[in-house]
1. Tally time: how many residues in segment 80-101 are of a type outside the set (D, E, K, R), surrounded by fewer than 17 Cβ atoms within 10 Å (Cβ to Cβ) and either under 17 Å from Glu41 (Cβ atoms) or modelled with pLDDT under 95 (or both)?
2. Output the residue which, of all residues in segment 42-76 that are in a strand (DSSP E or B) and of a type in the set (Ser, Thr, Tyr), is modelled with the lowest pLDDT.
3. When both residues are 6+ apart or on different chains and their Cβ atoms are under 7 Å apart, which pairs have a first residue that lies in segment 61-77 and is farther than 17 Å from Val93 by Cβ, and a second that is assigned to a loop (DSSP other than H, G, I, E, B)?
4. Starting from segment 93-105, take each residue that is on the phi > 0 side of the Ramachandran plot and list its partners that are at pLDDT below 95 and loosely packed, with under 12 Cβ neighbours inside 10 Å, counting only C-beta distances under 9 angstrom and pairs at least six apart or across chains.
Amino acid sequence: MTDRTQEIITRFQNSWNETEEFYLDLFENYDGFEFIEKILEFIGRLKKEGKNKLFRLGTSMYSLIISRPVDFGLRTDQKYIRIEFIGKADFEVILRDGDKIYREYRINDLSNIKLKQLIKTLEDTLID
């Protein structure tokens, strides 16, 4: 493994740790964030699968963002998945870049096959 590859993996893993800390703080210290438990479980499953070496995690307000840029922040040409809590038990899941939406689903389980397929699609894009 090259130094550059290891640096990218380290940045990705750090983003996961920071995102988990953000959500854990919301879940443990504020009312109305019970849905965060599902997101934390989802993040834990992805980490066990080694996805924390392949993706950067982040947040936009309370939405979870899964992406592949080396550096923090997204350019308008970079694809990402946004997972946003909707209603009592649903999540809106979108694969997009900039203003273009490629796939959009409403799901109630973060183990949903459609979400898994979106993650695989994003995994097949280049890290940049």
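The values are calculated or read from the model by the stated rules, or taken from the named source; none is laboratory data. These numbers come from a predicted model, not from an experiment. All Cβ positions, even for glycine, are placed from backbone atoms using ideal geometry, and neighbour counts span all protein chains on display.
1. 4
2. Start the filter on segment 42-76 by keeping residues that are in a strand (DSSP E or B), which leaves 56-60, 63-67.
Those still in the list that are of a type in the set (Ser, Thr, Tyr) too: 59-60, 63, 67.
Values: Thr59: 93, Ser60: 87, Ser63: 93, Ser67: 95.
So the residue we want is Ser60.
3. Pro69/Gln78; Pro69/Asp128; Val70/Ile127; Val70/Asp128; Thr76/Gly98; Asp77/Gly98
4. From residues that are on the phi > 0 side of the Ramachandran plot, the pairs are Gly98/Arg75; Gly98/Thr76; Gly98/Asp77.
Each row is one residue, and each column tells you yes or no for (1) crowded, with 17+ Cβ neighbours inside 10 Å; (2) aliphatic (A, V, I, L, M); (3) in contact with a strand residue (DSSP E or B) (Cβ under 7 Å, 6 or more places away or on another chain).
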| site | (1), (2), (3) |
| --- | --- |
| Ile36 | yes, yes, no |
| Glu41 | no, no, no |
| Lys48 | no, no, no |
| Leu54 | yes, yes, no |
| Tyr62 | no, no, yes |
| Ile65 | yes, yes, yes |
| Arg68 | yes, no, yes |
| Phe72 | no, no, no |
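Residues are listed down the side, and each one gets a yes or a no for (1) farther than 18 Å from Asp71 by Cβ; (2) within 17 Å of the chain's Cα centre (by Cα); (3) of a type in the set (Ser, Thr, Tyr); (4) surrounded by 12 or more Cβ atoms within 10 Å (Cβ to Cβ):
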| residue | (1), (2), (3), (4) |
| --- | --- |
| Arg11 | no, yes, no, yes |
| Asn14 | no, yes, no, yes |
| Glu18 | no, yes, no, yes |
| Leu26 | yes, yes, no, yes |
| Gly32 | yes, no, no, no |
